[in-house]
1. For the range 85-106, indicate whether the set of residues that are basic (Lys, Arg), part of a helix (DSSP H, G or I) and in the same structural domain as Gln199 (by TED's automatic domain parsing) is non-empty.
2. Can you work out which of the residues in the range 47-84 that are more than 30 Å from Ile169 (Cβ to Cβ) and of a type in the set (Gly, Ala, Ser) is surrounded by the fewest Cβ atoms within 10 Å (Cβ to Cβ)?
3. So in the range 130-164, with the set limited to residues that are assigned to a helix (DSSP H, G or I) and polar (S, T, N, Q), which one is surrounded by the fewest Cβ atoms within 10 Å (Cβ to Cβ)?
4. Could you run through the range 19-37 and say how many residues are at pLDDT below 95 and small (Gly, Ala, Ser)?
5. For the range 29-84, which residues satisfy the criterion of being polar (S, T, N, Q) and more than 21 Å from Lys165 (Cβ to Cβ)?
6. Of all the residues that make up the range 47-73, how many are more than 24 Å from Leu85 (Cα to Cα) and either assigned by TED's automatic domain parsing to the domain that holds Leu150 or of a type in the set (Ser, Thr, Tyr) (or both)?
7. Among the numbered criteria (1) crowded, with 20+ Cβ neighbours inside 10 Å; (2) over 19 Å from Lys165 (Cα atoms), which one does Gly87 miss?
8. If Thr144 meets every condition in (1) outside the structural domain of Glu21 (by TED's automatic domain parsing); (2) on the phi > 0 side of the Ramachandran plot apart from one, which number is that one?
Amino acid sequence: MIYSDELKRGSKIEKTLEQGEKTILSIMYVCQIEGKEAFETIKEKTTLSDDAINSKIYELIKNQLVNEDKKTLTETGKNSLRIVLAGGVFDIIHPGHIHTLNAAKELGDILVVVVATDNTAVKMKKRQPLHSQQQRQELVNSLTMVDLCLIGQEDNIFKTVNHVKPQIIALGYDQVHQEKFITEGCKKIELDAKVARLQSPIPESSSSKIQKEYGKSIHGI
């Protein structure tokens with residue numbers, strides 16, 4: 001296990017790409033995971049003209065960071081980005097979530113968050129979630145530090161891990177996952193990912209405590 005401060009120090013060494021190139025690669029990676037066209041998203045998220053976008057993409061192809069299809073990243077392109085994966089139920093977004101996700105984003109270039117399915121949420125929290133998995137995905141996707149939010153797999157969490165292929169898997173201070181279980185699961189799918197345990201300055205802030213405090217009246221908040 002690695003603590004988040006160590007990974008943050010390491011990430012500052014890897015700033016070799018121009019920021020504009022990294023932005024385009026990051027957008028293309030997210031679109032590739034979602035199965036969306038990247039060009040229009042790049043136009044929406046940057047101030048670049050069509051010609052400027054095409055010029056940068058051609059340069060990225062020339063540098064073997066983007067494939068000839070102009071849509072997908074090469075292995076070198078993916079490896080030039082630090083992809084961080086975090087997960088949880090995220091039923092009631094509270095300050096602890098915000099701090100943890102901000103800390104996770106600081107570890108890399110792209111933060112992908114996986115929300116638990118409704119069935120998994122019941123197993124983890126011993127209660128029905130207040131929001132459906134689609135609603136929780138929409139909530140997390142609306143957070144500015146999150147680049148992409150996915151709904152997890154019920155039978156095997158490593159299916160999602162293999163789909164995202166992160167370099168770093170960030171665990172919250174209160175998440176019960178054992179680091180050994182994560183690292184061994186990654187080895188089985190031949191993924192060399194580091195596990196970072198994030199520390200929260202406000203551990204008393206949790207969804208369970210909020211629901212316990214307010215009970216059924218939380219539905220009216």
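The values are calculated or read from the model by the stated rules, or taken from the named source; none is laboratory data. From a predicted model like this one, the values you see are computed outputs, not experimental measurements. Cβ placement follows ideal geometry from the backbone for every residue including glycine, while neighbour counts extend to all protein chains displayed.
1. Scanning the range 85-106, I find at least one residue that is basic (Lys, Arg), part of a helix (DSSP H, G or I) and in the same structural domain as Gln199 (by TED's automatic domain parsing), so the answer is yes.
2. The residue in question is Ser49.
3. Ranking the qualifying residues of the range 130-164, first place goes to Gln134.
4. Looking only at that region, the number is 2.
5. Correct list: Thr46, Thr47, Ser49, Asn54, Ser55.
6. 4
7. (2)
8. Thr144 satisfies every listed condition except (2).
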